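For reference, the structure is listed below as structure tokens.
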Amino acid sequence: MYYGNWRGVVGVIKPTYRPGSLEEMIRLLPEGIGVIPLFLGIKTGGEKERLDALETVKMKVAELARLNVDLIHPEGAGVFMLRGYKGAEEIVRALETEHGIPIVTTSMVLVEALRALGVKRMLVVGYLEGEINQKYARYLMDAGFEVLGWEAISAAFADLGRVPPNEIYAFAKKHYLRYPDAQGILMIGSGWRVLNMIQVLEQDLQVPVVQAVPARVWAIQKRLHVRQPVKGYGRLLEEMP
């Protein structure tokens, strides 16, 4: 372990070269946690591209294992969610057995965060459209959740980082009000910049909001046996359940 990374080192595998979520995660992680990022280079976000990326993910996991990190976090929920809940679990178990290092995927992080906040029935807000969302929903339902609705904002995959956060807030709020039985909102995906809207949505709607960046910071802390709450980005990081 290098000096300065006295709390541990996490290796992350980013799906795209898009800036934003990596910087957000590093800012929110406590001092003393080091980050080694690798990249897949996904361009379109389509189903085939995500399915094909699994073999590259495995190579990146092996590369991080050789660097002797303390935790490996492959990002990009779809790479694993498209394998189904049980199928994704089996892949992770096999990689952990092969490399002897704990692994947590984005899909695992989201499931754990929803459970920790007591959300069973949810609205999902995302930015991908089409049949892929039905497969993502099946993953969540097999994990024990009830998906009341799945709404996708209209934006080109390459331009997600340019969608104003207040527009995303308005979109999520409008659709949440259509599902009064929802116990929370899952904002799936790291491509858009929604970090500053999470607490605002929670305050206005009085339900938990789960998004990948705070959820992975929470899960990384948990696995590295660190507990440093962060205020301003929603209940998950502030309460550290």
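The values are calculated or read from the model by the stated rules, or taken from the named source; none is laboratory data. Source: prediction; values computed, not measured. Positions of Cβ are backbone-derived with ideal geometry, glycine not excepted, and every protein chain shown enters the neighbour counts.
Couple of notes before you dig in:
- Boolean, Leu22 is of a type in the set (A, V, I, L, M, F, W, C), closer than 28 Å to Gln134 by Cβ and within 16 Å of the chain's Cα centre (by Cα): no
- Beta carbons closer than 7 Å, at least 6 apart along the sequence or on distinct chains, pair a first residue in segment 121-133 that is charged (D, E, K, R) with a second that is in a loop (DSSP other than H, G, I, E, B) for Arg121/Asp181; Arg121/Ala182; Arg121/Gln183.
- Inter-residue pairs, beta-carbon under 6 Å, first in contact (Cβ under 8 Å) with a residue 60 or more places away in the chain and in segment 69-95, second part of a loop (DSSP other than H, G, I, E, B), 6+ apart: Leu71/Pro102; Ile72/Ile101; His73/Val104; Pro74/Thr105; Glu75/Pro15; Gly76/Pro15; Val79/Ala53
- Residue satisfying condition, being surrounded by 15 or more Cβ atoms within 10 Å (Cβ to Cβ), in contact with a helix residue (DSSP H, G or I) (Cβ under 7 Å, 6 or more places away or on another chain) and assigned to a strand (DSSP E or B), within set Val79, Val35, Val61, Val9: Val35
- Qualifying residue in segment 104-116 (condition: out of contact with any Phe, Trp or Tyr (no Cβ under 6 Å at 6 or more places or on another chain), loosely packed, with under 15 Cβ neighbours inside 10 Å, small (Gly, Ala, Ser) and within 30 Å of Val9 (Cα to Cα)): no
- Any chance Ala155 is more than 17 Å from the chain's Cα centre (by Cα) and within 16 Å of Asn133 (Cβ to Cβ): yes
- In segment 173-184, the residues that are closer than 16 Å to Gly118 by Cα reach residues that are crowded, with 16+ Cβ neighbours inside 10 Å and not aromatic (Phe, Trp, Tyr) with C-beta atoms within less than 6 angstrom, at least six apart or across chains, in these pairs: Ala182/Met122; Ala182/Leu123; Ala182/Leu148; Gln183/Val119; Gly184/Val119; Gly184/Met122; Gly184/Val207; Gly184/Pro208.
- Search result, residues across segment 14-62 that are without any contact (Cβ under 8 Å) to a residue 40 or more places away in the chain and of a type in the set (Asp, Glu): Glu23, Glu31, Glu49, Asp52, Glu55
- Subset tally (residues that are closer than 24 Å to Pro241 by Cβ and either surrounded by 17 or more Cβ atoms within 10 Å (Cβ to Cβ) or out of contact with any strand residue (DSSP E or B) (no Cβ under 6 Å at 6 or more places or on another chain) (or both)) for segment 94-103: 1
- Residue check: Asn196 meets all listed conditions (1) exposed (fewer than 15 other Cβ atoms within 10 Å of the Cβ); (2) polar (S, T, N, Q); (3) touching a residue at least 40 places away in the same chain (Cβ under 8 Å) but one, namely (3).
- Residues that are over 20 Å from Gln206 (Cα atoms) and modelled with pLDDT of 95 or more number at least 2 in the following helices (runs of 4 or more DSSP H) confined to segment 100-191: 106-116, 132-142.
- Residue count, segment 38-53 (criterion: surrounded by 15 or more Cβ atoms within 10 Å (Cβ to Cβ) and in a helix (DSSP H, G or I)): 3
- Any hit, segment 214-237, residues being within 21 Å of Val35 (Cβ to Cβ), surrounded by fewer than 14 Cβ atoms within 10 Å (Cβ to Cβ) and among the basic types (Lys, Arg): yes
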